[in-house]
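Colleague: This structure is in structure tokens; I'll ask about it shortly.
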Amino acid sequence: MFDFTKKVLISSLLFTCSLSAANKEVSKNEIAQMEQLELLKRAQIKITKAYDIGSLYILNITVQGNADEIYLTKDKKLILSGDVIDVSNGMKITAPADLTGVRGKEAFTYGKGTEEYFLFTDPECPYCKKFESYLPQIADKVKIRVFYFPLESHENAKDLSLYIMNQKTSSEKIEAMFNASENLDAAKNAKYTQAELAKLEKSLEEQIQIGMKLNVQGTPTIFDKDGKSIVWVNLLEKFGIEVK
């Protein structure tokens, strides 16, 4: 964060916000007014998007070319930096992810339901596999767009991702996802033509870049259709499933 403002920014705050309604995006005219605040002008901060969440504004900003997220009180007298926590559920309050252009870039889609979600997963992530083990119970309720985001700490995650993505039909890809551990040898020894490998790696890299743009830092990461980050356990509990 910009150095000279550290003294006036609060590093962490427990804050109660009115979150019963969806976050309301702030108009461009109001953003322009916010950018006239003295601190923002001096630091040459540009607001890319802003959201009214009831008790605060969430500001997506750029500072010297770097993206960041800060909070502005409704009276526009205090700027807060760091994690702002909703005391009702202990979750970090953050701006919704911008899912513009993301649909259609997924590896495949799971489920035949109406509730849409975006899942970033890693075939070797134990928490991902735990979440995925419950998916058949909600297959008729959800439509999950699955993106692969292999973590560097998992040495076989990329090979498994490519192997799953290379299956011919959606059903085969889903089966390969559920049976990732059993497919490890096949994934490590898979033979692709140069063209096939180039196409698969391009698609995987695109999914990774989408994840990075959405600030995915671990797996599984889930967003709802409005870009709100959802904890996988909470998603399952929403459908009456107790994680054991």
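Yes/no per residue for (1) open to solvent by 10 Å² or more (accessible area, probe 1.4 Å); (2) acidic (Asp, Glu); (3) over 20 Å from Ala97 (Cβ atoms); (4) touching a residue at least 60 places away in the same chain (Cβ under 8 Å):
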{"site": "Asn29", "(1), (2), (3), (4)": "yes, no, yes, no"}
{"site": "Met34", "(1), (2), (3), (4)": "no, no, yes, no"}
{"site": "Leu39", "(1), (2), (3), (4)": "yes, no, yes, no"}
{"site": "Arg42", "(1), (2), (3), (4)": "yes, no, yes, no"}
{"site": "Tyr57", "(1), (2), (3), (4)": "yes, no, no, no"}
{"site": "Thr62", "(1), (2), (3), (4)": "yes, no, no, no"}
{"site": "Asp75", "(1), (2), (3), (4)": "yes, yes, yes, no"}
{"site": "Ile79", "(1), (2), (3), (4)": "yes, no, yes, yes"}
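Colleague: Tell me yes or no: at least one residue of the stretch 212-230 is of a type outside the set (Gly, Ala, Ser), assigned to a loop (DSSP other than H, G, I, E, B), open to solvent by 30 Å² or more (accessible area, probe 1.4 Å) and over 17 Å from Arg103 (Cβ atoms).
Modeller: yes
Colleague: Of all residues in the stretch 164-180, which are among the aromatic types (Phe, Trp, Tyr) and out of contact with any Leu (no Cβ under 9 Å at 6 or more places or on another chain)?
Modeller: Restricting attention to the stretch 164-180, the residues satisfying the condition of being among the aromatic types (Phe, Trp, Tyr) are 178.
Scanning the stretch 164-180 gives no hits.
Colleague: Considering the stretch 156-198 alone, what residues qualify as being open to solvent by 50 Å² or more (accessible area, probe 1.4 Å), free of Cβ contacts under 8 Å to residues at least 24 places away in the same chain and not in a helix (DSSP H, G or I)?
Modeller: Within the stretch 156-198, Lys168, Thr169, Asn179, Asn189, Lys191, Thr193 meet the criteria.
Colleague: Within the stretch 84-106, which residues are of a type in the set (Lys, Arg) and not in a loop (DSSP other than H, G, I, E, B)?
Modeller: Just the residues of the stretch 84-106 that are of a type in the set (Lys, Arg), to begin with: 92, 103, 105.
Listed by number, the list holds a single entry, Lys92.
Colleague: Could you say which residue among Ala139, Ala157 is hydrophobic (A, V, I, L, M, F, W, C), on the phi < 0 side of the Ramachandran plot and more than 20 Å from the chain's Cα centre (by Cα)?
Modeller: After applying the criteria, what remains is Ala139.
The values are calculated or read from the model by the stated rules, or taken from the named source; none is laboratory data. Keep in mind it's a predicted model, so treat the numbers as computed, not measured. Using ideal geometry, Cβ is built from the backbone for each residue, glycine included, and neighbour counts are taken over all protein chains shown. Note: accessible area is taken over every heavy atom of the protein model, side chains too, but ligands, DNA and RNA are not part of it. Shrake-Rupley method; radii C 1.70, N 1.55, O 1.52, S 1.80 Å.
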